[in-house]
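Trainee: Handing you this structure, nothing more for now.
The values are calculated or read from the model by the stated rules, or taken from the named source; none is laboratory data. Since we're looking at a predicted model, the values are computed, not measured. For neighbour counting, all protein chains shown are included, and Cβ atoms are generated from backbone atoms with ideal geometry for every residue, glycine included.
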Amino acid sequence: MVPQDLISEVAEFVRARGGLETGCETGIEGLFAFCSERRTEFQAMIYEPVMCLVLQGAKEAHLEDRVVRYGAGKSLIVSHALPVTAGVIDASPETPYVSLALQLDLATVRSLYDEIGAAEGQARASHSMSVADGDADLFDAVARLFRLAKDPVEVQALAPLVLKEIHFRLLRAQHGGMLRQLLLHESPASRIAKAISMIREGYKAALPVSELAAAAGMSQSTFHEHFKALTSSTPLQYQKELRLMEARRLLMSGGKSVASAAYDVGYESPTQFSREYTRKFGVSPRDEKPATAAAS
């Protein structure tokens, strides 16, 4: 069971900093606190490698045809960068959605793997997003990390130790196998991670699947199979998601025409861009209004 005092502490921390619905930094690098008193609209975003511990309420993420729901007492691990559409689905003023999210430090995971990897076995990674029960030790470690934020001296002295403990516990958790696979040089998870990095770096240009497969050291058919299994999308769909999200950011920041945004992210046809943008976001790019605040 999630400690009620931790729920209250995180909720009050976010409210005091005006972070309702958008979340806020905690003062500890990589740790973010979230609180929402209502259900939110589903928004397109990139989930970077992260661990999210849900204290109360529930959230849902959509990846193409896959729906991942994570609620109170659950831990979510994302091992690869994933374009998703996500929103809070269970929240009210009386029982808000409350969570803590920690960006995964793969260097820390790698150093720990060198110590415990062989002993823990080599579970196969079936997907790059996994939900499991958050055990008492993980909740305790994350709570201790969050509470360090009250004292900068404690953050400096103790946060690195607690962060290492949290990564250790994640490696040994129900879904720790997906992290261990990511660190194995020849594993499908590691090879697909390399291809994802290539797509993110060059998403504006044409990226032949043959080149991505070659970089991953796979045949095209095997590459497609593993990419789809881990991300729920094809390489081209993944690239298109990145283009559309960046175009939306450009449009909502103001100062860009539809055609200019389309060309900036790699589209050759503004007409095709407008059609795919409308299908993705449910609104024409011409009707987008500049954002007045950043969304979480």
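Trainee: Looking at this structure, is A132 under 21 Å from the mean Cα position of the chain (by Cα), farther than 21 Å from K194 by Cβ and modelled with pLDDT of 95 or more?
Mentor: No: the conditions fail for A132.
Trainee: Moving on. Among residues belonging to the range 1-34 that are hydrophobic (A, V, I, L, M, F, W, C) and within 17 Å of the chain's Cα centre (by Cα), point out the one that is nearest to V98 (Cα to Cα).
Mentor: Of all residues in the range 1-34, those hydrophobic (A, V, I, L, M, F, W, C) come to 1-2, 6-7, 10-11, 13-14, 16, 20, 24, 28, 31-34.
From what's left, within 17 Å of the chain's Cα centre (by Cα): 24, 31-34.
Numbers: C24: 12, L31: 14, F32: 11, A33: 8, F34: 6 Å.
This residue is F34.
Trainee: Within the set of pairs 6+ apart or on separate chains, which have a first residue in the range 81-110 that is touching a residue at least 40 places away in the same chain (Cβ under 8 Å), a second that is among the aromatic types (F, W, Y) and surrounded by fewer than 18 Cβ atoms within 10 Å (Cβ to Cβ), and C-beta atoms under 7 Å apart?
Mentor: T85/F42; A86/F42; G87/F42
Trainee: Right, something else. Looking at A214, A247, which is the one that is of a type in the set (A, V, I, L, M) and in contact (Cβ under 8 Å) with a residue 24 or more places away in the chain?
Mentor: Just a single option satisfies the conditions, and that option is A247.
Trainee: Something else now. Would you call E94 in a loop (DSSP other than H, G, I, E, B), under 20 Å from H167 (Cα atoms) and not assigned by TED's automatic domain parsing to the domain that holds A229?
Mentor: So E94 does not fit the description; no.
Trainee: Of the conditions (1) outside any helix (DSSP H, G or I); (2) of a type in the set (A, V, I, L, M, F, W, C); (3) farther than 26 Å from K74 by Cβ, L250 clears all except one; give me its number.
Mentor: That leaves (1) as the condition not met.
Trainee: Moving to a separate point now. For S99, only one of the following conditions fails: (1) modelled with pLDDT under 95; (2) in a strand (DSSP E or B). What is its number?
Mentor: In the conditions (1) modelled with pLDDT under 95; (2) in a strand (DSSP E or B), S99 misses (1) alone.
Trainee: Here's a follow-up. With respect to S79, determine if the residue is closer than 30 Å to D151 by Cα, of a type in the set (S, T, Y) and assigned by TED's automatic domain parsing to the domain that holds D133.
Mentor: no
Trainee: Show the residue pairs meeting these rules: Cβ distance below 6 Å; 6+ apart or different chains; first residue within the range 12-32 and more than 15 Å from P93 (Cα to Cα); second residue among the basic types (K, R) and assigned to a loop (DSSP other than H, G, I, E, B).
Mentor: Partner pairs satisfying both residue conditions: C24/R17.
Conditions tested, residue by residue: (1) over 17 Å from E48 (Cα atoms); (2) surrounded by fewer than 17 Cβ atoms within 10 Å (Cβ to Cβ); (3) of a type outside the set (D, E); (4) touching a Lys or Arg at 6+ places or on another chain (Cβ under 6 Å).
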| site | (1), (2), (3), (4) |
| --- | --- |
| H226 | yes, no, yes, no |
| L230 | no, no, yes, no |
| E241 | no, no, no, no |
| G254 | yes, yes, yes, no |
| A259 | yes, yes, yes, no |
| A262 | yes, no, yes, no |
| Y267 | yes, no, yes, no |
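Trainee: Looking only at the range 127-171, which residues are crowded, with 18+ Cβ neighbours inside 10 Å and part of a loop (DSSP other than H, G, I, E, B)?
Mentor: If the condition is that a residue be crowded, with 18+ Cβ neighbours inside 10 Å and part of a loop (DSSP other than H, G, I, E, B), then H127, S128, G134 are the ones that fit.
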